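Student: Quick one: the structure is below, and I'll ask about it shortly.
The values are calculated or read from the model by the stated rules, or taken from the named source; none is laboratory data. The structure presented is a predicted model; accordingly, all values stated were derived computationally and were not measured. Here the Cβ is made from the backbone with ideal geometry for all residues, glycine too, and neighbour counts use every protein chain on show.
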Amino acid sequence: MFKKILIANRGEITCRIIRTAKALGYRTVAVYSDADAQALHVALADEAVCIGPAPVRESYLNVAALLAAARRTGADAVHPGYGFLSENDGFAQACLDAGLVFIGPDPQAILKMGNKAGAKRLMLAAGVPCVPGYQGADQSDATLLAKAAEIGFPIMVKAAAGGGGRGMRLVEHPQDLAVALVSARSEAGNAFGSEELILERAVIEPRHVEIQVFGDKHGHIIHLGERDCSIQRRHQKVFEEAPSPAVTPELRARMGAAAVAAARTVNYVGAGTVEFLLDRDGHFYFLEMNTRLQVEHPVTECITGLDLVAWQIAVARGEPLPLTQEQVTLNGHAIEVRLYAEDPYAGFLPQSGDVAVWRPPEGEGVRVDHGLVSGQTISPHYDPMIAKIIAHGPNRDEARRRLVGALQRTRVLGLPTNRAFLEAVAQHPAFAAGDTTTAFIDQHFGGDALLRPQPDSLALALASTLWFEVTAAPDSRPWRSSGPARWPMLIGEGEHRHAVHITAHEAQRYTVEIGKARHSLTIVGREAETLRFSADGVQRHAAAVFAGGLLHLEIGATSASFEDLTYAPPAAAAGSAESRVLAPMNGRVLAVFVQPGDVVSKGQRLAVLEAMKMEHQLLARRDGVVEQVAVRVGDQVPTRALLVSLIEEAA
């Protein structure tokens, strides 16, 4: 029996667990780092304890601090959420040794399934289909190179101790394998504390289909159907749906039976997910088992009508599963997307900074799991996912249409996100047809399809008008003796500069000229960040907010940030983006490869920045000579901090 649950996590998953725990009558304890002091999960919990500074190793991965927080608050159970320590057998055992109930599987099950090499050996022994590969103890380059030659190319190199795409490399040619092994080991060691690798034959353009399993302490194990998680970038999921468009009832039964068999090999208790690759011929292969609640569990909840966190708590209390396999029913269709603070038009580069406005969508069949409030800072220390938007309907197309509408109603201003990209994917004909594989983004959103959309003249006209209203000089009265006053402005958007002329009439009416384009605008009304305006005789809606010296504007599918450079110094107005290498986000400088006076070529690597669990290579955008190196290895730098500047090479 337990009465108070400490959630050893942060953000949206902690908020989601708190809601169910409170509904069941449990008291809750949140933990937080210094960076999360004002976070929503802290405010929602009954009690909260600070466990250390922002870096995860000093806070959310600090087992001693987590156990101390449980003792301090009298918590008698711990829910690990997902990520962080959720699949750490040492943490699970430490909780049990401290007399706490761990709301998750037995530490031995976590240990056996947590290492990809060991898990695959177990699955092969149990008769679960597996991709041919190598998962041996000999990790020498010579052995891995020899085994790869036996397996055949293309081949996947994977970190044995973790997932999420970290430590994973697709190698198509033998000559590229040695370099891939070095980089995969480095990334795996930094992410998981282990450099062990496995090799697998690459399954080309498969679907990623996973089975939700559940076990209790009485030996019952069932599955709750499948989820299709094929649309990914950098081997991380972006869209998830249930059921899979490619899975028939007969295939579901076979995959479900294999997943249950996998769970039985470790006497599994609690919520878990067995992940498979499904090829075009209907053959499926074991990928890994996640011994925790998944990010995408809401789609399973939508189609089953079940609360999986409530089931986790019940199983931890020793209660039997409330349903048999025959009693599980699937109703309708659900699709989930992950809203990230990232820039899809810059290689999905994670972003950090302040969220000026956050307004999640509402509506029939729409659910949003998040831990966000307006004004909150997205920290470079944690994963950039900020919310999950889920739509449920009686069939797949209705769920998809509801998802599109929900994304269009989502308001998040202040930093780049993938909202418009998610909307574009959801409306793509191939997605509408259910034709999705792990190659979907590369096939349909590669190259020119992901060029950054430029604001049209209407967006520029509205941005100019809003800037004019807040920055116009006191004597900018709408009329002069010669007629309406016409004011010149210079508006910046990213690296672009736009010359604008604006004429102010009475009653918030404006005429805006941008090159040959001319727009008549009237501001009709405002409510918080929502703006209603008339443009050339048509009333429209937009969202706008001033924050951090920028106007963040969203109009239709366009989301951009604008600055008024009318009175800026000439250098700022002219711009020098190609000569200045700026930090794309808050992060730590891992390496600097140049010094003043070095001659560099366009595309040459200048520095490496670490942020949000990833390494980012910063390249020269032009030929030139290094004028200044403004940082040193180890420096923590804010977004847009100058790292390296270039000048023209002397003739």
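Student: Have a look at GLY136, GLY99 and point out the one that is over 22 Å from ALA188 (Cβ atoms), in a loop (DSSP other than H, G, I, E, B) and either among the charged types (D, E, K, R) or outside the structural domain of PHE286 (by TED's automatic domain parsing) (or both).
Tutor: Going through GLY136, GLY99 in turn, just one is over 22 Å from ALA188 (Cβ atoms), in a loop (DSSP other than H, G, I, E, B) and either among the charged types (D, E, K, R) or outside the structural domain of PHE286 (by TED's automatic domain parsing) (or both): GLY99.
Student: Run down VAL29, VAL42, VAL56 and say which single residue is buried (at least 18 other Cβ atoms within 10 Å of the Cβ) and more than 22 Å from the chain's Cα centre (by Cα).
Tutor: Checking each option against the conditions leaves just VAL29.
Student: Please find, among GLN139, GLN135, the residue that is surrounded by 14 or more Cβ atoms within 10 Å (Cβ to Cβ), farther than 18 Å from LEU287 by Cα and touching a residue at least 12 places away in the same chain (Cβ under 8 Å).
Tutor: So the residue among GLN139, GLN135 that is surrounded by 14 or more Cβ atoms within 10 Å (Cβ to Cβ), farther than 18 Å from LEU287 by Cα and touching a residue at least 12 places away in the same chain (Cβ under 8 Å) is GLN139.
Student: Another question, then. Within the bounds of segment 607-621, is there any residue that is on the phi > 0 side of the Ramachandran plot, at pLDDT below 85 and surrounded by 18 or more Cβ atoms within 10 Å (Cβ to Cβ)?
Tutor: Scanning segment 607-621, I find at least one residue that is on the phi > 0 side of the Ramachandran plot, at pLDDT below 85 and surrounded by 18 or more Cβ atoms within 10 Å (Cβ to Cβ), so the answer is yes.
Student: In segment 627-641, what residues are out of contact with any strand residue (DSSP E or B) (no Cβ under 6 Å at 6 or more places or on another chain) and assigned to a strand (DSSP E or B)?
Tutor: Correct list: VAL637 only.
Student: Report yes if THR566 is touching a strand residue (DSSP E or B) at 6+ places or on another chain (Cβ under 9 Å) and at pLDDT 85 or above, otherwise no.
Tutor: Answer is yes for this residue.
Student: Within segment 176-183, can one find any residue that is in contact with a helix residue (DSSP H, G or I) (Cβ under 8 Å, 6 or more places away or on another chain), modelled with pLDDT under 90, surrounded by fewer than 18 Cβ atoms within 10 Å (Cβ to Cβ) and not assigned by TED's automatic domain parsing to the domain that holds ASN88?
Tutor: no
Student: I'm trying to understand the selection: among the residues of segment 1-25, which are under 14 Å from LEU100 (Cβ atoms) and assigned to a loop (DSSP other than H, G, I, E, B)?
Tutor: Across segment 1-25, the qualifying residues are MET1, PHE2, LYS3, ALA8.
Student: Could you tell me whether any residue of segment 289-301 is in contact with a helix residue (DSSP H, G or I) (Cβ under 9 Å, 6 or more places away or on another chain), surrounded by fewer than 18 Cβ atoms within 10 Å (Cβ to Cβ) and of a type in the set (Ser, Thr, Tyr)?
Tutor: No, every residue in segment 289-301 fails to be in contact with a helix residue (DSSP H, G or I) (Cβ under 9 Å, 6 or more places away or on another chain), surrounded by fewer than 18 Cβ atoms within 10 Å (Cβ to Cβ) and of a type in the set (Ser, Thr, Tyr).
Student: Can you tell me how many residues in segment 482-491 are part of a strand (DSSP E or B) and free of Cβ contacts under 8 Å to residues at least 12 places away in the same chain?
Tutor: Final tally of qualifying residues: 1.
Student: In segment 390-400, how many residues are in a strand (DSSP E or B) and either of a type in the set (D, E, K, R) or touching a Pro at 6+ places or on another chain (Cβ under 7 Å) (or both)?
Tutor: 1
Student: So, one more: For the list (1) crowded, with 19+ Cβ neighbours inside 10 Å; (2) under 15 Å from the mean Cα position of the chain (by Cα); (3) not charged (D, E, K, R), I need the number of the one condition that TRP358 fails.
Tutor: (2)
Student: On to the next question. Of the numbered conditions (1) modelled with pLDDT of 95 or more; (2) not assigned by TED's automatic domain parsing to the domain that holds VAL238, PHE431 satisfies every one except a single condition; which is it?
Tutor: Exception for PHE431: condition (2).
Student: Here's a follow-up. Consider ARG233 carefully, then state whether it is out of contact with any strand residue (DSSP E or B) (no Cβ under 7 Å at 6 or more places or on another chain) and either in the same structural domain as HIS444 (by TED's automatic domain parsing) or in contact (Cβ under 8 Å) with a residue 12 or more places away in the chain (or both).
Tutor: So ARG233 fits the description; yes.
Student: Now a separate question. Got a sec? Which of VAL203, VAL247 is under 27 Å from the mean Cα position of the chain (by Cα), in a loop (DSSP other than H, G, I, E, B) and free of Cβ contacts under 8 Å to residues at least 60 places away in the same chain?
Tutor: Step by step, each of VAL203, VAL247 is checked, and only VAL247 is under 27 Å from the mean Cα position of the chain (by Cα), in a loop (DSSP other than H, G, I, E, B) and free of Cβ contacts under 8 Å to residues at least 60 places away in the same chain.
Student: Here's something else I'd like to know. Only one residue in ALA35, ALA69 is assigned to a helix (DSSP H, G or I) and buried (at least 23 other Cβ atoms within 10 Å of the Cβ). Which one?
Tutor: Of ALA35, ALA69, the one residue that is assigned to a helix (DSSP H, G or I) and buried (at least 23 other Cβ atoms within 10 Å of the Cβ) is ALA69.
Student: Further question: All but one of (1) surrounded by 20 or more Cβ atoms within 10 Å (Cβ to Cβ); (2) touching an Asp or Glu at 6+ places or on another chain (Cβ under 6 Å); (3) modelled with pLDDT under 95 hold for GLU342; state the number of the condition that does not hold.
Tutor: GLU342 satisfies every listed condition except (2).
Student: Determine whether GLY90 is part of a helix (DSSP H, G or I) and either touching a residue at least 12 places away in the same chain (Cβ under 8 Å) or acidic (Asp, Glu) (or both).
Tutor: Against the criterion (part of a helix (DSSP H, G or I) and either touching a residue at least 12 places away in the same chain (Cβ under 8 Å) or acidic (Asp, Glu) (or both)), GLY90 qualifies.
Student: Select, from ALA528, ALA560, ALA543, the only residue that is closer than 22 Å to ARG359 by Cβ, modelled with pLDDT of 85 or more, loosely packed, with under 14 Cβ neighbours inside 10 Å and not β-branched (Val, Ile, Thr).
Tutor: Just a single option satisfies the conditions, and that option is ALA528.
Student: If I ask for residues that are in a loop (DSSP other than H, G, I, E, B) and of a type in the set (A, V, I, L, M, F, W, C), which ones from segment 442-471 would you list?
Tutor: PHE445, LEU451
Student: What number of residues within segment 390-431 satisfy the criterion of being buried (at least 20 other Cβ atoms within 10 Å of the Cβ) and free of Cβ contacts under 8 Å to residues at least 60 places away in the same chain?
Tutor: Of the residues in that region, 3 qualify.
Student: Then there is this: Which condition number does ALA387 fail, the rest of (1) outside any strand (DSSP E or B); (2) surrounded by 20 or more Cβ atoms within 10 Å (Cβ to Cβ); (3) among the aliphatic types (A, V, I, L, M) being met?
Tutor: Every condition holds for ALA387 apart from (1).
Student: While we're here: With the structure loaded, tell me whether GLY83 is part of a loop (DSSP other than H, G, I, E, B) and closer than 30 Å to HIS220 by Cβ or whether it fails that test.
Tutor: yes
Student: Looking at this structure, is LYS120 under 29 Å from the mean Cα position of the chain (by Cα) and touching a residue at least 12 places away in the same chain (Cβ under 8 Å)?
Tutor: Taking the combined requirement at face value, the residue satisfies it.
Student: Among the residues of segment 153-174, are any buried (at least 18 other Cβ atoms within 10 Å of the Cβ), outside the structural domain of PHE284 (by TED's automatic domain parsing) and in a helix (DSSP H, G or I)?
Tutor: No, that holds for no residue.
Student: Right, next: Restricting to segment 40-93, give me the number of residues that are of a type in the set (Gly, Ala, Ser) and modelled with pLDDT under 95.
Tutor: Matching residues across segment 40-93 total 2.
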